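Structure, as structure tokens:
What follows draws every value from the coordinates through simple rules; no lab data is involved. Owing to the predicted nature of the structure, the values given are computational and were not obtained by experimental measurement. Cβ coordinates were reconstructed from backbone atoms using ideal geometry, including for glycine residues, and neighbour counts include every protein chain displayed.
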């Protein structure tokens, strides 16, 4: 990567979509060159936070700690794959370059895109149209499209949610390797995923939202998922998240 | 299966027609039976085809020009706020005027030849094409636009690479409507003032109580309209190759 990735500071004075504010004097930090993982129940505001940082939603002050503007240095992978149905897999993956009119270095780019698609198991489907792919395959295309942006800051909103367990496991490793030393925000529902990949872990709850930090095991990510310490924290986190959902009025069997 | 159904329907209609002729005892110059019409068609085939060729040219030219003008207007309306302010009210007004009332004026201005009929067809086609394309251009998936924004795409790139292709299915349905009404425009033009074409032939046949010739011309006109519709429909489904061939059916089963 040509440049050193910046840390990102987010602060939201107040943000409300209805009577009760979602964010109130909220501060959050993505450490430079690290993976920050965000856990929390559905609807708590994780996606909103990602959209604020990406600059899609107004209302937050988002700054890079190297003082330069963040525009043009962020890649965003949304919850939906957002593939364009009229473009092939390969063309979708190169969408950013197409939109910016960067056609000069096409051959190298296409070669790089092909290589990444092969590595996520889509080497045979380069010319396929998105509607012929399964949900998991589409998500892998979206992941490669995000990687192809080669931006120092990467925001991913549940990037592996549609994948089967084994593919998810492999792609977590691939993403961790390719995005090592990037500044990454990973939103996920899976405590195991967060514990495996995150340098820093935060659990988001409440309204207005609060953040609580969880200490991952000391090893460097991607961590060994058979580590008993990691599995113990996963169990605790699952219990905590489940308890949080009960408090929020949801319990199995009681709709 | 479809062909069998179409054949049954056609035979049923012909039978009903013949039944009405027998039951009403109408003389052939008021309501000729299917056999009389077939005889007239065979006897006057060269004459009918000569006139049909002229009408076909009017319809096809009108369709091409109307589709081009309509697409261009839809694009202008979507791309420029100024165009929206000035052109949109004009468009609505133009639709409030009945085309039949304009026909004599067009003949007066453009003469008895091809031009006035093409202009009629263009007038009648223009609005559905413009409206459908403009509507499609306004309804781009917001997720795609957000993605393009994070990718630092310019306004023109977004329009060309995302909004226009995303609006092609809408444009296609506008063009299907246009194709089905184009013959009306051309024939109305011929009706009001012309020296050739199926409308002219029918008007003359009518005046001379040659109902069988009138019906024969009508049959040819209907066959031309249906053939054109299916040809355009096939072309359009190739244009929007990523859309399922029969979206209505697909969604019913797969919801």
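Summary value for chain B: 26 percent relative contact order, contacts being C-alpha pairs under 8 angstrom separated by 6+ residues. A straight line joining the Cα centroids of the range A:1-22 and the range B:23-93 runs 58 Å.
What angle do you read, to the nearest 10 degrees and between 0 and 90, between the alpha-carbon axis of helix A:165-178 and the longest principal axis of chain A? The angle comes out near 70 degrees. So what is the relative contact order for the range A:83-150, in percent, with contacts set as C-alpha pairs under 8 Å and at least six apart? Dividing the mean separation by the residue count of the range A:83-150 yields 51 percent. Note on residue A:42/residue B:57: beta-carbon distance plugged into 1/(1 + (r/R0)^6) with R0 of 56 Å gives a FRET efficiency of 0.35. The modelled label-to-label distance between residue B:35 and residue A:213, using points 7 Å beyond Cα along the C-beta direction, is 9.8 nm.
Summary value for the range B:132-175: 68 percent relative contact order, contacts being C-alpha pairs under 8 angstrom separated by 6+ residues. What do you get for the angle between helix B:99-110 and the principal long axis of chain B? Use alpha-carbon atoms, 0 to 90 degrees, nearest ten. On a 0 to 90 degree scale, this one is about 90.
List residues of the range B:36-52, by number, whose backbone nitrogen lies under 17 Å from a label position 7 Å along Cα→C-beta of residue B:14. Label zone hits: B:36-43. So for the protein assembly as shown: antiparallel DSSP bridges make up what percent, rounded to the nearest 5? In the protein assembly as shown, approximately 50 percent of DSSP beta bridges are antiparallel ones.
Rounded to the nearest 10 degrees, the inclination of helix A:228-247 to the longest alpha-carbon principal axis of chain A is 70 degrees.
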